[in-house]
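Values quoted throughout were computed directly from the atomic coordinates according to the rules given, and no laboratory measurement underlies them. This structure is a prediction, so every number in the text was calculated from the model and none was measured. In this analysis, Cβ positions are derived from the backbone assuming ideal geometry, glycine residues included, and neighbour counts consider all displayed protein chains.
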Amino acid sequence: MAYQNFNMDHQWLPFTPNRSFIKDPRIFVAADGMHFTTHDGRQVLDGISSLWCVAAGHNQRPINEAIKKQLDTLDYATAFQASNDQAFKAAEMIANMAPGDLNKVLFCNSGSEAADTSLKVALAYHRARGEGHRNVFIGRERGYHGVGFGGMSVGGIPSNRKVYGAAMLPRVDHLRFIHDPLHPEHTHHAYINGVQPEWTEDLLLELENRILPLHDPSNVAAVIVEPVAGSAGWYLPPKGYLKRLREICDKHGILLIFDEVITGFGRLGVNFGADYYGVVPDMLNFAKCVTNGVIPLGGVICTVRIYDAMMQAHAGSPEHAVEFFHGYTYSGHPVACAAAIATLELFKQENLFARAGEMGRVLGDALHSGCKGLPNVIGIRALGLAGAVELAPLPGAPGKRAYDIFMDCFHQGVLVRPAAENIVVCPPYIVEKAHIERIVNVVADAIRKHA
Ligand SMILES: Cc1ncc(COP(=O)(O)O)c(C=O)c1O
């Protein structure tokens, strides 16, 4: 089945070079397991779980069946002043998977909405406790929290920010980035395989000694970080970093938000990054894998402490008073939640998180043995079922080398992801050793070709 004639005049593609896309389009028309079929009838191996989403592989029958059944039972129901059975069940399953007292799920539809929701909860929570002056947010350089104004403001990827200047949140600061292999004592951080990088300096001293005193800790609402910096190119936090961040936040009454849109639901071989690093945040943002990518769903898991504070603040309000003026028309959509329930059951039945951990070790070894020493490769980082090969930038053309390699891999039938100067690989958890070998061979050949 090959489709050739597309009218490409009308879709404006997201985060894509539109002008060149139409000259060499990449259009999928079907998918099953680890592979896509393209419009011109080729098979392409999905080396990135379709943007970190399709953890269980494509076309999973139990998920498809659950969606079809839900459509015939309850297609949609208003989310305000009412709810649906699937949303409660999905929230219970998600809360049960989350660590500590992360127990209250606010649903939305995407990672961007989860970011903005969590920032709004932070402001509302502090105000509910009589600390409305806490309105400073702290993100991190090269962090990615989606494209809403809140998430973009706390995010730290320059190209996503530079056009929007004054439209961003006014009181935001950023932590230093977590990777610096040019530092003379950190050269060994360039190549990391399944271990936590150790720093000789305390990377969070600047938070305590500069950022917090500058704003005064009593004004800071929340710190938001990704446990592992995903969109920037899979950069790992230094050993002990997240624990120390938790301690600093606790000391000053600051909320800690983990954006686990990428690290959530098994990518590190366990439920969440919070479990992997043994640190429980006050809010945990999720999206992507929760429905295996088939229907948009995201959310913020909040501690009971946050929820209770918001409810208690309204103890004297009339019964009909809404406690938190926030939500989306499609929050807890029954079909999305039915997909989530089926996805989470499938993860458990097939023991897919453990498999992600196991295959992650295969991927880490394969990337290091297959790509280290190739022309222009200046680093390789692997943890969980994800890895990045970092390349020296082409002088005067930032990102071009990785883009050219990505295109080359696509033409060879393997989908990888260019992220700045990195080639990122994060396949579905059902990946086999032979798929990993193929991905790494194709990436290595493309790197040689573009030397
Ligand atoms: C950590 C993180 N947060 C938020 C987002 C934004 O998610 P969405 O594209 O669903 O809005 C992403 C997307 O890649 C992400 O990686």
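Structure values in brief
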quantity: Beta bridge orientation in region 64-349: antiparallel %, DSSP, nearest 5; calculated: 45 percent
quantity: Nitroxide proxy distance, nm - points 7 Å out along Cα→Cβ at residue 239 and residue 319; calculated: 5.8 nm
quantity: Across 239/433; 372/400; 23/162; 120/239; 104/239, pairs whose alpha-carbon gap is larger than 22 Å; calculated: 239/433; 23/162; 120/239; 104/239
quantity: Using distinct alpha-carbon pairs, which all enter the 1/r mean, Kirkwood radius of region 1-65 in Å; calculated: 13.4 Å
quantity: For region 303-434, convex hull volume per residue from C-alpha positions, Å³; calculated: 218 Å³
quantity: Neighbour net charge for residue 34 - beta-carbon separation under 15 angstrom, K R +1, D E -1; calculated: -1
quantity: Positive minus negative residues near residue 381 (Lys, Arg vs Asp, Glu; Cβ under 12 Å); calculated: 0
quantity: Alpha carbon Rg of the chain, scaled by the compact-globule rule 2.2 N^0.38 Å; calculated: 0.98
quantity: Value of [θ]222 nm, deg cm²/dmol, for the chain, DSSP H segments ≥ 4, -39500 (n - 2.57) each, nearest 500; calculated: -10500 deg cm²/dmol
quantity: Difference of contour (0.36 nm per residue) and Cα-Cα distance, residue 131 to residue 61; calculated: 20.3 nm
quantity: Prolate/oblate/rounded call for region 153-250, Cα gyration tensor, a/c under 1.5 rounded; calculated: oblate
quantity: Footprinting exposure proxy for 97, 310, 407 (fewest neighbouring C-beta atoms within 10 Å first); calculated: 407, 310, 97
quantity: Counted charge near residue 203, where neighbours are those whose Cβ lies closer than 13 Å (Asp, Glu -1; Lys, Arg +1); calculated: -2
quantity: Highest-first arrangement of 318-325, 261-268, where packing means the average Cβ count within 10 Å; calculated: 261-268, 318-325
quantity: Residue order, fewest to most surrounding Cβ atoms within 10 angstrom, among 234, 199; calculated: 199, 234
